[in-house]
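Undergrad: Please find one structure pasted underneath; my questions will follow.
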Amino acid sequence: LMAVGIFALVSAMAYGGLNSVLKTSEHTRNSSEQLQRLQTGMALLDQDFRQIVDRSIRNSYGEEEGALVAIEGGDPLIRFTRNGWRNPAGRPRSTMQRLAYRLDETTLMREHWPNLDQGSNAEPLRLPLLEDIEEVHFLFLRDKEEFRNWPPLNNTDENPGLPDAVRITLVTGPWGEIDRIYRVLKIQ
């Protein structure tokens, strides 16, 4: 009887330890997957913003739209043209791509169109990029001035071009505030 009691006590302790190890392993795996999703999303965001190019487009109404358009609190948050869209299949299309980012509840969505100049029924392809995003803020820097909208609201130029840099601030639930600054290369 004594041996059965000791065996039961040791078994209960072993089960408690095993249960603790399993919970810790699951928590570590979930955190690792969450970090991997964040890193993948940030890598794509980095790629997009490092390759902004000064190429305006025609929107679905046939009107000219600037190379970079952002209105604080707007939907989408920002639209721009980027270079470097790979074409491994060799399809007849541009290597430039028109992108938009929007916040859909707590998910940062990346949208792109198959063509730069959009037809009347052009629908973007949507990709959920980052989850648990509470806020997204853009700040545009030009000649040591900061602007929350691009082109600046007091802009009088017909074509304001591109800012010198774009600062992105993401407020996330699990990771806090993430801040990135991208220098915009102005290639002619």
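Undergrad: Take the conditions under 19 Å from LEU141 (Cα atoms), of a type in the set (A, V, I, L, M, F, W, C) and open to solvent by 80 Å² or more (accessible area, probe 1.4 Å) and apply them to ILE78. Does it pass?
TA: No: the conditions fail for ILE78.
Undergrad: Looking only at the stretch 71-83, how many residues end up being part of a strand (DSSP E or B) and of a type outside the set (A, V, I, L, M, F, W, C)?
TA: Within the stretch 71-83, residues that are part of a strand (DSSP E or B) and of a type outside the set (A, V, I, L, M, F, W, C) number 3.
Undergrad: A further question on this structure: Which of the numbered conditions does HIS112 fail, given that it passes all the others? Conditions: (1) touching a residue at least 40 places away in the same chain (Cβ under 8 Å); (2) closer than 26 Å to LEU35 by Cβ.
TA: (1)
Undergrad: Filter the strands (runs of 3 or more DSSP E) completely within the stretch 113-174 down to those with at least 2 residues that are closer than 15 Å to LEU45 by Cβ and open to solvent by less than 70 Å² (accessible area, probe 1.4 Å).
TA: 125-130, 133-142, 165-172
Undergrad: Could you please give the count of residues in the stretch 175-188 that are of a type in the set (Val, Ile, Thr) and part of a strand (DSSP E or B)?
TA: Counting residues in the stretch 175-188 that are of a type in the set (Val, Ile, Thr) and part of a strand (DSSP E or B) gives 2.
Undergrad: Hey, another quick one. Taking the criterion of being closer than 30 Å to ARG183 by Cβ and either of a type in the set (D, E, K, R) or surrounded by 10 or more Cβ atoms within 10 Å (Cβ to Cβ) (or both), would at least one residue in the stretch 11-34 satisfy it?
TA: yes
Undergrad: Restricting attention to the stretch 35-70, which residues are in a helix (DSSP H, G or I), charged (D, E, K, R) and open to solvent by less than 80 Å² (accessible area, probe 1.4 Å)?
TA: The answer is ASP46, ASP48.
Undergrad: Could you pull out the residue among ARG86, ARG91, ARG102 that is assigned to a strand (DSSP E or B) and either within 12 Å of the chain's Cα centre (by Cα) or free of Cβ contacts under 8 Å to residues at least 24 places away in the same chain (or both)?
TA: ARG102
Undergrad: What pairs can you find where one residue is in the stretch 128-139 and touching a residue at least 24 places away in the same chain (Cβ under 8 Å) and of a type in the set (A, V, I, L, M, F, W, C), the other is assigned to a strand (DSSP E or B) and open to solvent by 70 Å² or more (accessible area, probe 1.4 Å), and their Cβ atoms are less than 8 Å apart, with a gap of 6+ or different chains?
TA: Listed pairs, sorted by first residue: PHE138/ARG167; LEU139/GLU146; LEU139/ARG167.
The values are calculated or read from the model by the stated rules, or taken from the named source; none is laboratory data. What you are looking at is a predicted structure, and each value in this text was computed from that prediction instead of being measured. Please note: Cβ atoms are built from the backbone with ideal geometry, for glycine as well, and neighbour counts cover all protein chains shown. Note: areas computed on protein heavy atoms with side chains; ligands, DNA, RNA excluded. Shrake-Rupley method; radii C 1.70, N 1.55, O 1.52, S 1.80 Å.
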